[in-house]
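Every number in this text was worked out from the coordinates using simple rules, so none of it is lab data. Only a predicted model underlies this, so the values are computations on that prediction, with no experimental measurement involved. Positions of Cβ are generated from backbone atoms using ideal geometry, with glycine treated the same way; all protein chains shown enter the neighbour counts.
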Amino acid sequence: MTQLTTPPAGAPAKTPASAPKRRRRGSGFGTMRRREKLLRYALLLLALVVTVGPFVWQLSTSLKGAGENIYTLTPQFIPSDPTFDNYLRVTETIPVLSYAKNSLIVAAMAVAGNAVGATLAGFALAKLHFRGRTLFLALVLGTLVLPGEVTIISQYVTVRSLGLADTLVGVALPTAVAMLNVLLMRAAFMAIPDEMDEAAVIDGASAWQRLIHVGLPNVRGMLSVITIFAFIGAWDDFLWPLIVLTDPQNYTLTVGLQYLSGAFTSNPRVIAAGTMIAFIPIVIVFATLQRFFFRGVEEGAIKG
Amino acid sequence: MKTQRWFTPWLLLGPALVWLLVFNLWPAINTVVLAFTNAKPLGGGSFTGVANFERMLNDDQLVYALVNSIVYMLVCLPLLLFLPLLLAVLLEKKLPGITFFRTAFYTPVIASAVVVALIWTWLLEDRGLVNGLAQQLGFLTEPLPFLSGRWLLLFSAISLTVWKGLGYYMIIYLSALGNVSRQLHEAAAVDGAGPIRRFWSVTVPGVRTTMLLVSVLVTVSALRVFTELFVLTNGTGGPGGRTMSLVMLIQMYSRGFTGHLGYASALSLLLFVITVGPMLLLLRLNRKAA
């Protein structure tokens, strides 16, 4: 504990030595000395500035009026005269609200598809016995070796031949039932002890009844995890909608934002307002559901 | 006991089966087929043999892209192997307010790469925050053009990837740290090992397997990089298209009248060949962990 907590040479070192040392011996390892605590908080704050600072700077830029110099050498984090003008300007420049609506539609389809498709398949693979199950599982596992980018071109050819190029359904369709989520739901159903299920089987319950009454109440955690992942994944995605969508009317938020900064404006305030419109909803979703989120990550719901 | 009809499992499996066949297996097969054609984004195309692969051999842009990928990987690897681990060590102790910090550190991960890249564009421009601060503090006498020039653009994109990845790998490390023996830490402390010493001789060996997992994940995602480079270069791929990645090339050939889906598919196969090793290793590591 010494190296890091030793104050730099010249710093006043009056409080230290005897008292904390005695305390440490008294309550054992794990109780932290005050100086270590302070150092930890200082480092945590530093990391906070690095990780969250850029977002705060962007938010601040988006609130600065046309009269305020945003280029000053000494950065002003608090706008001198906060205004929502830039948010108005961005809606006048590109149909940002309809882009947000498009993103929301795509995300809703992804959430619904994955919640239903992965739950049904996960249950069947975990709890029902039938021929072909092993083959199915092997194929699902095999698809995980393919990074999405490898098949993105032929995926586009498929969507085009279904007549869905340049549509939101075309954007949502390929990942509407993701194989990884099928595996995650299967793992969740497998964690339910067979004894719970057997009682239902003996009572003559159908597969459907077992899924509704025994299965679902026990997999709610994983179900919320895959829906959060599906929502964030769809909302944030850029490459795939960029390939599928051509008419600017149909753009999702991410594609629209890139379009805004590429073709319409170089005003950082307006671009900042646009990025905040894309960023804030996802932060709200994340902040309210983060409990499930981290639990899911700990359970191994890690996307490669 | 057999109350289930033979088709019940297949009814439940239906949607997943359709998606497995139509949106996973068929695209994999069709990528191979397309790679031997001259298919165009607007339709059509005929068999052209190995023409696309011959073209790859003489494609300067492809060489740039592959070199960029290697540089990307080599710079990202050490940074994303250790910085997130340090963050995780910092979050490990249950201090008051630690949940807030954990959530905050994770924010860059959930933000869209487009949003982050646009923020970066603003931070790194000639009169942006980074150049301003660097000049204030005396690190620079004149602004550094982060967003022009092949290598500066590449390193700007790498810094973005690293920043955005910190929280992601931090969480992976955090769950692994729970398994590092407390007794070992205590014993080392009793023997007089300082925190830095204990980090190297207790923590790092304790999360060895996780470090392997992280390095494979970092490798694969460095090879798949797209959005960072696309947005920072405004879709151009930098001066002379030299700051492109393989995926950016694939995307470039996917659109418009000059597009060439056949060549894009051949490039996709190349991406597959490069990533399949790490991906198989990843699958193995994940199954071992589960």
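For A:Leu48 and B:Val32, a Förster radius of 56 Å and the Cβ-Cβ distance give a FRET efficiency of 0.70, rounded to the nearest 0.05.
Within the range A:100-160, which trypsin sites (Lys or Arg not before Pro) sit in a loop by DSSP and count at most 15 neighbouring Cβ atoms inside 10 Å? All intermediate terms of the calculation are to be shown ahead of the outcome.
Working: sites: A:Lys101, A:Lys127, A:Arg131, A:Arg133, A:Arg160; in loops: A:Arg131.
Of the trypsin sites (Lys or Arg not before Pro), the ones in loops of the range A:100-160 whose Cβ has at most 15 other Cβ atoms within 10 Å are A:Arg131.
When the charge dipole of the protein assembly as shown is built from unit charges on Cβ atoms (+1 for Lys and Arg, -1 for Asp and Glu) and taken about the Cα centre, the candidate among A:Ile277, B:Thr210, B:Leu20 whose Cα reaches farthest toward its positive end is B:Thr210.
Going from the fewest other Cβ atoms within 10 Å to the most, the residues B:Ser201, B:Ser156 appear in the order B:Ser201, B:Ser156.
Pair-distance distribution P(r) for the range A:228-300, from all Cα-Cα distances in 10 Å bins starting at 0: 17, 40, 28, 13, 1 percent. Computed over Cα pairs, the Kirkwood radius of the range B:158-225 leads via Stokes-Einstein (1.002 mPa s, 20 °C) to a diffusion coefficient of 160 µm² per second. What residue among B:Met56, B:Gly178, B:Gly167 has its Cα farthest toward the positive end of the dipole of chain B, where the charges are +1 on Lys, Arg and -1 on Asp, Glu, each on the Cβ? The residue sitting farthest along the positive end of the dipole is B:Gly178.
Taking the protein assembly as shown on its own, what percent of its Cα-Cα pair distances exceed 35 Å?
Everything past 35 Å amounts to 45 percent.
Between B:Thr258 and A:Tyr259, the distance separating the two model label sites (each 7 Å from Cα on the Cα→Cβ line) works out to 2.1 nm. Taking chymotrypsin sites (Phe, Trp or Tyr not before Pro) across the range B:54-139, the ones in a DSSP loop with at most 15 further Cβ atoms lying within 10 angstrom of their Cβ are B:Phe139. Based solely on its DSSP helices, what 222 nm [θ] is calculated for chain B when runs of n ≥ 4 H residues each add -39,500 (n - 2.57) and the sum is averaged over all residues, nearest 500 deg cm²/dmol? Mean residue ellipticity, 222 nm, calculated: -21500 deg cm²/dmol. In a DSSP loop and with at most 15 other Cβ atoms within 10 Å, the chymotrypsin sites (Phe, Trp or Tyr not before Pro) in the range B:243-273 are B:Phe257. For the residue pairs B:Lys94/B:Lys164; B:Lys40/B:Lys164; B:Lys93/B:Lys164; A:Lys64/B:Lys164; A:Lys64/B:Lys93; A:Lys127/B:Lys164, the C-alpha atoms sit more than 31 angstrom apart in B:Lys40/B:Lys164; A:Lys64/B:Lys93; A:Lys127/B:Lys164. Can you work out the FRET efficiency for the pair A:Arg133 and B:Arg208, with r the C-beta to C-beta distance and R0 = 30 Å, to the nearest 0.05? Approximately 0.25, to the nearest 0.05. The shape of the range A:91-298 can be summarised by an equivalent ellipsoid whose semi-axes, obtained from the alpha carbon gyration tensor, come to 38, 20, 13 Å from longest to shortest.
Counting other beta carbons within 10 Å of each residue's own, what order do B:Val180, B:Val32, A:Val90 fall into, fewest first? Could you put the intermediate results ahead of the total?
Details: B:Val180 17, B:Val32 14, A:Val90 26.
Ascending Cβ contact count within 10 Å gives the list B:Val32, B:Val180, A:Val90.
Note that the range B:236-246 has calculated 3J(HN,Hα) couplings of 8, x, x, x, x, x, 8, 9, 9, 10, 4 Hz, one per residue in order, obtained from phi through the Karplus relation 6.51 cos²θ - 1.76 cosθ + 1.60 (θ = phi - 60°); glycine and proline are x. Sorted largest first, the principal axis extents computed over the alpha-carbon atoms of the range B:115-246 equal 56, 38, 22 Å. Each Lys and Arg contributes +1 and each Asp and Glu -1, all at the Cβ; summed about the Cα centre of the range A:171-304, the dipole is approximately 500 debye. For B:Thr37, the residues whose amide H sits under 5 Å from its own are B:Thr48, ignoring neighbours fewer than 5 places away on the same chain, with H placed 1.01 Å from N. For chain A, the Cβ-based charge dipole about the Cα centre amounts to some 1880 debye (Lys, Arg positive; Asp, Glu negative; other atoms uncharged). Let a ≥ b ≥ c be the square roots of the eigenvalues of the Cα gyration tensor of the range B:73-127; is it rounded (a/c under 1.5), or, if not, prolate (a/b larger than b/c) or oblate? Note, shape of the range B:73-127 comes out oblate. Of the three principal axes defined by the Cα atoms of the range A:83-174, the extents in descending order read 62, 29, 24 Å. Here the simple spin-label model places points 7 Å from the Cα toward Cβ, and for A:Thr246 and A:Ala112 these points are separated by 2.8 nm. P(r) tail, chain B: Cα-Cα pairs separated by more than 30 Å, 48% of all pairs.
Taking N as the residue count of the range A:127-218, its C-alpha radius of gyration divided by 2.2 N^0.38 Å amounts to 1.45.
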